[in-house]
1. Could you give every pair whose Cβ atoms fall below 8 Å, whose first residue belongs to the range 23-37 and is modelled with pLDDT under 90 and of a type in the set (A, V, I, L, M, F, W, C), and whose second residue is surrounded by 13 or more Cβ atoms within 10 Å (Cβ to Cβ) and in a loop (DSSP other than H, G, I, E, B), counting only separations of at least 6 or pairs across chains?
2. Would you point out the residue of the range 1-18, among those that are at pLDDT 90 or above and in a loop (DSSP other than H, G, I, E, B), that is farthest from His57 (Cα to Cα)?
3. Under 9 Å by Cβ, and 6 or more places apart or on different chains, what pairs join a residue from the range 1-16 that is β-branched (Val, Ile, Thr) with one that is part of a helix (DSSP H, G or I) and modelled with pLDDT of 90 or more?
4. Within the range 16-39, is there a residue that is of a type in the set (A, V, I, L, M, F, W, C), surrounded by fewer than 18 Cβ atoms within 10 Å (Cβ to Cβ) and in contact with an Asp or Glu (Cβ under 6 Å, 6 or more places away or on another chain)?
5. Could you please find all residues in the range 40-52 being more than 20 Å from Ile71 (Cα to Cα) and surrounded by 19 or more Cβ atoms within 10 Å (Cβ to Cβ)?
6. With the requirement that a residue be within 11 Å of Leu12 (Cα to Cα) and either modelled with pLDDT under 95 or touching a Cys at 6+ places or on another chain (Cβ under 6 Å) (or both), what does the range 52-73 give you?
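The values are calculated or read from the model by the stated rules, or taken from the named source; none is laboratory data. Just so we're clear, the structure is a prediction, and the values are computed from it rather than from any experiment. All Cβ positions, glycine included, derive from the backbone under ideal geometry; neighbour counts span all protein chains shown.
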Amino acid sequence: MNDEKKKNRQRLVIAHNNCASNDPCALCGRRLDAEVGPELFLPDGVSIVCWKCGKEHAPELVAMLRARVAILAGAAEVTW
């Protein structure tokens with residue numbers, strides 16, 4: 001990634017979303033279908049961000065969230 005693109009990236013964080021909602025993405029305004037649990041937010045921890053914008057601004061965080069989803073999906077298939 002070039003320096004100019006890095007400089008224009010919005011800082012994002014993963015935080016616990018404590019309510020399922022369809023609030024708009026803080027960056028693009030697209031409605032989300034967010035669930036309770038870890039989601040992307042602006043650093044204020046209140047303004048939720050969609051994964052599409054997350055891929056542009058913090059692809060490493062989106063990769064972590066995708067890995068979590070994959071792990072949980074696999075865990076649902078495990079029989080004890």
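1. The qualifying pairs are Ala34/Asp23.
2. Asn18
3. Val13/Leu61; Ile14/Leu61; Ile14/Met64; Ile14/Leu65
4. yes
5. Selection gives Phe41, Ile48, Val49, Cys50.
6. Listed by number, the list holds a single entry, Cys53.
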